[in-house]
Amino acid sequence: MKLLITGGAGFIGSAVVRLAISRGHSVVNVDALTYAACLANIASVSNSPLYAFEHADIRDRGALDQVLARHDPDAVMHLAAESHVDRSIDGPDAFVRTNINGTFNMLEASRAHWVRKGKPPAFRFHHVSTDEVFGSLPVDPEIRFTEETPYDPRSPYSASKAASDHLVRAWHETYGLPVLITNCSNNYGPFHFPEKLVPRIILKALAGEPLPVYGDGSNVRDWLYVEDHAAALLTVIEKGRAGRSYNIGGSNERTNLEVVRTLCTILDERRPKASGSYLDQIAFVTDRPGHDARYAINADRIRAELGWVPAVSVEEGLDRTVRWYLDNEAWWRPLEERAGGRLGHAA
C-alpha cells in the first residue's frame, strides 16, 4: 500500500513512517517542517526506496494537489497539526489555520484525488485526532471516553481538533469520501519534542532545574506509548471500516504527579545525582486555564473489531523513554531552544 502521511517528521507521524516502511508500505511524507518537526526523526528510513519526502504545507491547497497527483497514494493518513495546548492558549490563530483550514484543504485535495481515480472503494482518508475533543471526565474509574461520547472541547487546541473531526465526518456523509477517525490518549516515547510533559521533566531534571507540575498534579491522563499508537494507526488504515471512528488508549491512567515521580525514580537509578533525589526538584506551579481533570479511553471497539491491544505498560514505556533521552543528547540538545519557556499563561 502507498501511504501519504502528513506530519511525518513530527513525533507520532515519524513513528508511523518508521513502522509503515518496516512493514513494507511505501510512504510519502508531507511535512511543512515547522518548529516541532525534525527530519532526524526519520533518518533511519530516509534512504529506503519505499520512502519519499515532500516539503509542503497543508495550508497550501495547490501544493497538496501537486503532491497527490505526483505520488498517487492508496490512502492518506492525516497527522499534521498544531498540538500543544499551552501554545494554543497563547496563540490560537495558528491552530485554527492549521488544524481546521489545513484539514479542509486535505479533505478537498484527497476528495479530488479519489474522484480522479474513479472513487476506488479501498481508498481511505484517515484523520488522526485526540481524546481532548471529549472534554473532561470525573474521577470515577468506570467512566471513560467512548466513540459515542459527546464532544466538549475546553481549549483552543481541542476545539480546533473537534472542528476538524466534524469536517471529516461531514465529507463522508456529504460526498461519500471513505474516511476513518481515531482519537488517541496522551502519547509519550522517543523523539518527543521537548516542550511536552515527559521530555520536559527528563531534561529539566538532568539540568538541575525545578520540575514544574501544574496545580497539585492530580490531573489524570491515559498514557500511550508512541510505538503502540503507531501500530494501532496502521491497524486502522489496514482493517478499519470506512466511516468508523476508533478510540486508541494505553489503559495506563496516571496522574501527572505520578508520572513525574516515576520519571524521577527512573533517573535516580539510571543517572543518579551526586546527592539527593530528582524528586527534590519537583515544584508546583499555577495551573493553566481550562486544565481538564481527567482523560481516559475506552478502547473496546478497536480491540474487538480490529484486534489491537497496547503492548507496553507505562512503567516499561517511561523507562524506555528515559533511556532513549539519556542516549540521544545529540538529538534533543538542539531542539531545547525551539521549545522555549513556560507557555499557557493567557488569561
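Looking at (1) among the hydrophobic types (A, V, I, L, M, F, W, C); (2) outside any helix (DSSP H, G or I); (3) at pLDDT 95 or above, find the lone condition where LEU318 falls short.
(2)
So which of ALA36, ALA80 ends up being in a loop (DSSP other than H, G, I, E, B), in contact (Cβ under 8 Å) with a residue 12 or more places away in the chain, in contact with a Phe, Trp or Tyr (Cβ under 8 Å, 6 or more places away or on another chain) and at negative phi?
Only one candidate qualifies: ALA36.
Just to be sure I understand the filter: pairs with C-beta atoms under 6 Å, separated by 6 or more residues or on different chains, first member in the range 296-314 and aromatic (Phe, Trp, Tyr), second member outside any loop (DSSP other than H, G, I, E, B). Which pairs pass?
TRP308/ALA232; TRP308/THR235; TRP308/ILE302
Please determine whether any residue of the range 151-167 is within 17 Å of TYR246 (Cα to Cα) and not in a helix (DSSP H, G or I).
For the range 151-167, residues within 17 Å of TYR246 (Cα to Cα) and not in a helix (DSSP H, G or I): present.
Being of a type in the set (Asp, Glu) and more than 18 Å from the chain's Cα centre (by Cα) is the filter here; which residues of the range 98-146 pass it?
Once the filter is applied, which keeps residues that are of a type in the set (Asp, Glu) and more than 18 Å from the chain's Cα centre (by Cα), the range 98-146 yields GLU108, ASP140, GLU142.
What residue, among those in the range 117-150 that are in a loop (DSSP other than H, G, I, E, B) and of a type in the set (A, V, I, L, M), is modelled with the highest pLDDT?
Looking at the filtered set, the residue picked out is ALA122.
Among the residues of the range 1-31 satisfying the criterion of being over 16 Å from the mean Cα position of the chain (by Cα) and in a loop (DSSP other than H, G, I, E, B), which is surrounded by the most Cβ atoms within 10 Å (Cβ to Cβ)?
Only one residue tops the list, namely HIS25.
Please note which strands (runs of 3 or more DSSP E) are completely contained in the range 241-302 and include at least 1 residues that are under 15 Å from SER185 (Cα atoms) and of a type in the set (A, V, I, L, M, F, W, C).
The strands (runs of 3 or more DSSP E) meeting that bar are 244-248.
What number of residues within the range 124-150 satisfy the criterion of being free of Cβ contacts under 8 Å to residues at least 40 places away in the same chain and either on the phi > 0 side of the Ramachandran plot or surrounded by 15 or more Cβ atoms within 10 Å (Cβ to Cβ) (or both)?
So the answer is 1.
From the list ASP65, ASP31, ASP72, ASP60, pick out the single residue that is at pLDDT 95 or above, among the charged types (D, E, K, R) and at positive phi.
Only one candidate passes the filter, namely ASP72.
The values are calculated or read from the model by the stated rules, or taken from the named source; none is laboratory data. Remember, it's a predicted structure, so these values are computed and weren't measured experimentally. Cβ atoms come from the backbone with ideal geometry, glycine included; neighbour counts cover every protein chain shown.
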